[in-house]
Amino acid sequence: MTKLPPQRITLGVLGSGKGSNLAAILDAIEDGSLDIKVGLVISDNAGAGILKIACERGVPNMHIPPATSSARLDEATEERIKNEFRQAKVNLVVLAGFMKILQGPLIEAYEGRIINIHPSLLPKYPGLEAWKQALEAGETVTGCTVHHVTKEVDAGPIIAQGEVDIFPGDTPESLHSRIQRAEHILLPMVLGSFARGEVPKPQPAAA
Ligand code: GRF
(Lines give C-alpha, C1' and ligand atoms only; values in the text may rest on other atoms or scores of the structure.)
Protein backbone atom coordinates (compact mmCIF):
# COMPACT_ATOMS: atom_id res chain seq x y z
CA MET A 1 0.00 0.00 0.00
CA THR A 2 1.34 3.47 -0.91
CA LYS A 3 2.02 5.59 2.14
CA LEU A 4 2.13 9.36 2.26
CA PRO A 5 5.76 10.36 2.92
CA PRO A 6 6.92 11.56 6.36
CA GLN A 7 6.65 15.31 6.42
CA ARG A 8 6.88 18.20 8.84
CA ILE A 9 3.18 18.94 9.31
CA THR A 10 1.79 22.46 9.26
CA LEU A 11 -1.79 21.88 10.28
CA GLY A 12 -4.83 23.87 9.23
CA VAL A 13 -7.85 23.48 11.51
CA LEU A 14 -11.44 24.26 10.50
CA GLY A 15 -14.07 24.34 13.23
CA SER A 16 -17.37 25.93 14.17
CA GLY A 17 -17.70 25.02 17.84
CA LYS A 18 -16.02 24.91 21.20
CA GLY A 19 -12.61 23.72 20.04
CA SER A 20 -11.82 20.97 22.54
CA ASN A 21 -10.10 18.96 19.79
CA LEU A 22 -7.89 21.94 18.93
CA ALA A 23 -7.03 22.23 22.63
CA ALA A 24 -6.11 18.52 22.73
CA ILE A 25 -3.83 18.94 19.69
CA LEU A 26 -2.13 21.97 21.25
CA ASP A 27 -1.72 20.10 24.57
CA ALA A 28 -0.05 17.17 22.76
CA ILE A 29 2.31 19.57 20.95
CA GLU A 30 3.10 21.32 24.22
CA ASP A 31 3.85 18.14 26.15
CA GLY A 32 6.16 16.97 23.36
CA SER A 33 4.11 13.94 22.30
CA LEU A 34 3.16 15.45 18.92
CA ASP A 35 5.75 17.01 16.64
CA ILE A 36 3.69 19.22 14.33
CA LYS A 37 2.82 22.89 14.07
CA VAL A 38 -0.66 24.42 13.91
CA GLY A 39 -0.34 27.01 11.13
CA LEU A 40 -3.84 28.45 10.95
CA VAL A 41 -7.26 28.00 12.56
CA ILE A 42 -10.32 29.13 10.59
CA SER A 43 -13.92 29.30 11.77
CA ASP A 44 -17.14 30.21 10.00
CA ASN A 45 -18.53 31.27 13.39
CA ALA A 46 -17.18 34.51 14.89
CA GLY A 47 -18.20 33.52 18.43
CA ALA A 48 -16.75 30.00 18.30
CA GLY A 49 -14.72 28.76 21.26
CA ILE A 50 -12.17 27.39 18.80
CA LEU A 51 -11.15 30.96 17.83
CA LYS A 52 -10.91 31.98 21.50
CA ILE A 53 -8.64 29.01 22.23
CA ALA A 54 -6.47 29.83 19.20
CA CYS A 55 -6.16 33.47 20.36
CA GLU A 56 -5.33 32.51 23.95
CA ARG A 57 -2.69 30.03 22.83
CA GLY A 58 -1.04 32.27 20.25
CA VAL A 59 -2.15 30.36 17.14
CA PRO A 60 -2.90 32.37 13.97
CA ASN A 61 -6.63 32.35 13.40
CA MET A 62 -9.38 34.01 11.42
CA HIS A 63 -13.11 34.17 11.07
CA ILE A 64 -14.29 33.69 7.51
CA PRO A 65 -18.04 34.29 7.26
CA PRO A 66 -19.93 32.19 4.71
CA ALA A 67 -21.78 34.13 2.02
CA THR A 68 -25.00 32.18 2.61
CA SER A 69 -26.68 30.41 5.51
CA SER A 70 -27.11 27.10 3.65
CA ALA A 71 -25.66 23.86 5.02
CA ARG A 72 -23.32 23.66 2.04
CA LEU A 73 -20.53 26.22 2.16
CA ASP A 74 -20.63 28.52 -0.86
CA GLU A 75 -17.86 27.94 -3.35
CA ALA A 76 -16.30 31.41 -3.08
CA THR A 77 -15.87 31.06 0.68
CA GLU A 78 -14.42 27.59 0.29
CA GLU A 79 -11.93 28.99 -2.26
CA ARG A 80 -10.98 31.70 0.20
CA ILE A 81 -10.35 29.16 2.96
CA LYS A 82 -8.24 27.10 0.56
CA ASN A 83 -6.16 30.15 -0.36
CA GLU A 84 -5.65 31.16 3.28
CA PHE A 85 -4.45 27.64 4.15
CA ARG A 86 -2.12 27.62 1.14
CA GLN A 87 -0.70 30.98 2.10
CA ALA A 88 -0.07 29.70 5.63
CA LYS A 89 1.81 26.71 4.08
CA VAL A 90 -0.72 24.27 5.50
CA ASN A 91 -0.05 20.72 4.29
CA LEU A 92 -2.70 18.86 6.31
CA VAL A 93 -6.22 20.06 7.12
CA VAL A 94 -8.40 18.75 9.93
CA LEU A 95 -12.13 19.40 10.22
CA ALA A 96 -12.73 19.50 13.96
CA GLY A 97 -16.42 20.19 14.35
CA PHE A 98 -16.81 22.16 11.11
CA MET A 99 -20.57 22.40 10.57
CA LYS A 100 -20.64 23.32 6.88
CA ILE A 101 -20.57 20.84 4.00
CA LEU A 102 -17.67 21.43 1.62
CA GLN A 103 -18.33 21.59 -2.13
CA GLY A 104 -15.00 20.52 -3.48
CA PRO A 105 -12.31 23.19 -4.03
CA LEU A 106 -10.71 22.62 -0.61
CA ILE A 107 -11.17 18.83 -0.79
CA GLU A 108 -9.63 18.74 -4.27
CA ALA A 109 -6.69 20.96 -3.33
CA TYR A 110 -5.89 18.84 -0.25
CA GLU A 111 -6.86 15.41 -1.59
CA GLY A 112 -5.56 12.73 0.78
CA ARG A 113 -4.49 15.46 3.21
CA ILE A 114 -7.85 16.59 4.61
CA ILE A 115 -9.39 14.61 7.48
CA ASN A 116 -12.44 14.81 9.71
CA ILE A 117 -13.21 13.61 13.23
CA HIS A 118 -16.70 12.18 13.65
CA PRO A 119 -18.37 11.08 16.91
CA SER A 120 -19.43 7.53 15.95
CA LEU A 121 -17.98 4.31 14.61
CA LEU A 122 -18.56 5.08 10.93
CA PRO A 123 -20.13 3.85 8.70
CA LYS A 124 -22.69 3.73 11.52
CA TYR A 125 -24.43 7.00 12.36
CA PRO A 126 -23.12 9.60 9.91
CA GLY A 127 -24.61 13.09 10.18
CA LEU A 128 -25.61 15.23 13.12
CA GLU A 129 -25.66 14.24 16.81
CA ALA A 130 -24.24 10.79 16.08
CA TRP A 131 -23.95 10.00 19.81
CA LYS A 132 -27.71 10.53 20.20
CA GLN A 133 -28.38 8.27 17.23
CA ALA A 134 -26.25 5.49 18.80
CA LEU A 135 -27.96 5.90 22.19
CA GLU A 136 -31.44 5.86 20.67
CA ALA A 137 -30.58 2.73 18.65
CA GLY A 138 -29.77 0.89 21.89
CA GLU A 139 -26.08 0.34 21.09
CA THR A 140 -23.77 -0.74 23.91
CA VAL A 141 -20.63 0.46 22.14
CA THR A 142 -20.00 3.50 19.96
CA GLY A 143 -16.92 5.66 19.48
CA CYS A 144 -15.18 8.09 17.19
CA THR A 145 -13.66 7.92 13.73
CA VAL A 146 -10.97 9.86 11.90
CA HIS A 147 -11.43 9.58 8.15
CA HIS A 148 -10.36 11.17 4.90
CA VAL A 149 -12.76 13.84 3.67
CA THR A 150 -14.44 13.21 0.34
CA LYS A 151 -17.38 14.93 -1.33
CA GLU A 152 -19.76 12.43 0.26
CA VAL A 153 -20.37 13.55 3.87
CA ASP A 154 -18.84 11.28 6.58
CA ALA A 155 -18.12 8.57 4.00
CA GLY A 156 -14.39 8.88 3.17
CA PRO A 157 -11.86 6.10 3.83
CA ILE A 158 -11.43 5.42 7.54
CA ILE A 159 -7.99 6.04 9.08
CA ALA A 160 -8.56 5.11 12.74
CA GLN A 161 -11.33 4.53 15.26
CA GLY A 162 -11.66 4.53 19.04
CA GLU A 163 -14.36 2.54 20.84
CA VAL A 164 -16.41 3.96 23.71
CA ASP A 165 -18.77 1.97 25.95
CA ILE A 166 -22.36 3.07 26.42
CA PHE A 167 -23.58 2.47 29.97
CA PRO A 168 -27.15 2.07 31.24
CA GLY A 169 -28.27 5.48 32.41
CA ASP A 170 -26.10 7.37 29.91
CA THR A 171 -27.62 10.60 28.67
CA PRO A 172 -26.74 12.19 25.32
CA GLU A 173 -24.54 14.63 27.27
CA SER A 174 -22.66 12.01 29.32
CA LEU A 175 -22.08 9.88 26.23
CA HIS A 176 -20.95 12.81 24.10
CA SER A 177 -18.42 13.89 26.71
CA ARG A 178 -17.04 10.31 26.96
CA ILE A 179 -16.74 10.20 23.14
CA GLN A 180 -14.97 13.56 23.17
CA ARG A 181 -12.40 12.26 25.66
CA ALA A 182 -11.70 9.43 23.17
CA GLU A 183 -11.44 11.96 20.32
CA HIS A 184 -8.84 13.92 22.25
CA ILE A 185 -6.63 10.80 22.27
CA LEU A 186 -7.40 9.54 18.77
CA LEU A 187 -6.94 12.76 16.78
CA PRO A 188 -3.44 13.67 18.07
CA MET A 189 -2.48 10.01 17.54
CA VAL A 190 -3.56 10.12 13.88
CA LEU A 191 -1.74 13.43 13.36
CA GLY A 192 1.42 11.79 14.70
CA SER A 193 0.91 8.97 12.19
CA PHE A 194 0.70 11.52 9.37
CA ALA A 195 3.90 13.20 10.56
CA ARG A 196 5.72 9.86 10.57
CA GLY A 197 4.40 8.94 7.11
CA GLU A 198 2.36 6.02 8.44
CA VAL A 199 -1.01 6.88 6.89
CA PRO A 200 -1.86 4.99 3.70
CA LYS A 201 -2.77 7.14 0.72
CA PRO A 202 -6.54 6.82 0.11
CA GLN A 203 -7.17 4.73 -2.98
CA PRO A 204 -9.55 6.00 -5.65
CA ALA A 205 -12.85 4.07 -5.54
CA ALA A 206 -12.98 1.18 -8.00
CA ALA A 207 -15.02 1.99 -11.13
C1 GRF B 1 -16.55 16.63 17.89
O2 GRF B 1 -17.36 15.83 18.71
C3 GRF B 1 -16.41 16.01 16.51
O4 GRF B 1 -16.52 14.63 16.52
C5 GRF B 1 -17.58 16.61 15.77
O6 GRF B 1 -17.69 17.91 16.28
C7 GRF B 1 -17.20 17.96 17.61
C8 GRF B 1 -16.23 19.10 17.73
O9 GRF B 1 -15.93 19.35 19.07
N10 GRF B 1 -17.36 16.54 14.34
P11 GRF B 1 -14.88 20.46 19.50
O12 GRF B 1 -15.33 21.77 18.89
O13 GRF B 1 -13.52 20.05 19.02
O14 GRF B 1 -14.97 20.48 21.00
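The values are calculated or read from the model by the stated rules, or taken from the named source; none is laboratory data. These numbers were taken from a predicted model, which means no experiment stands behind them. Counting neighbours? That spans all protein chains shown, and the Cβs are built from the backbone with ideal geometry, glycine included. Side chains included, ligands, DNA and RNA excluded: accessible areas come from the protein's heavy atoms. Shrake-Rupley method; radii C 1.70, N 1.55, O 1.52, S 1.80 Å.
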If amide H atoms are built 1.01 Å from N in the plane of the peptide, which residues on other chains or at least 5 residues away come under 5 Å of the amide H of Ala160? Val146
Per residue, how much accessible surface does region 83-168 expose to a 1.4 Å probe? Answer in Å², no decimals. 47 Å²
Apply the a/c threshold of 1.5 to the C-alpha gyration tensor of the chain and tell me whether it is rounded, prolate or oblate. rounded
Fraction of antiparallel bridges per DSSP, region 67-207 only, in percent to nearest 5: 75 percent
As a quick test, which of the pairs Lys100/Lys201; Lys100/Lys151; Lys37/Lys100; Lys18/Lys100 have an alpha carbon distance above 19 angstrom in this structure? Lys100/Lys201; Lys37/Lys100
At a threshold of 8 angstrom on Cα-Cα distance, excluding pairs fewer than six apart, so keeping six or more, what relative contact order does region 1-91 reach in percent? 30 percent
Taking amide H positions as placed 1.01 Å from N in the peptide plane, with prolines and chain starts having none, which residues 5 or more places from Arg72, or on another chain, fall under 5 Å of its amide H? Ile101
What is the magnitude of the charge dipole of the chain about its Cα centre, with +1 placed on the Cβ of each Lys and Arg, -1 on the Cβ of each Asp and Glu, and no other charges, expressed in debye to the nearest 20? 600 debye
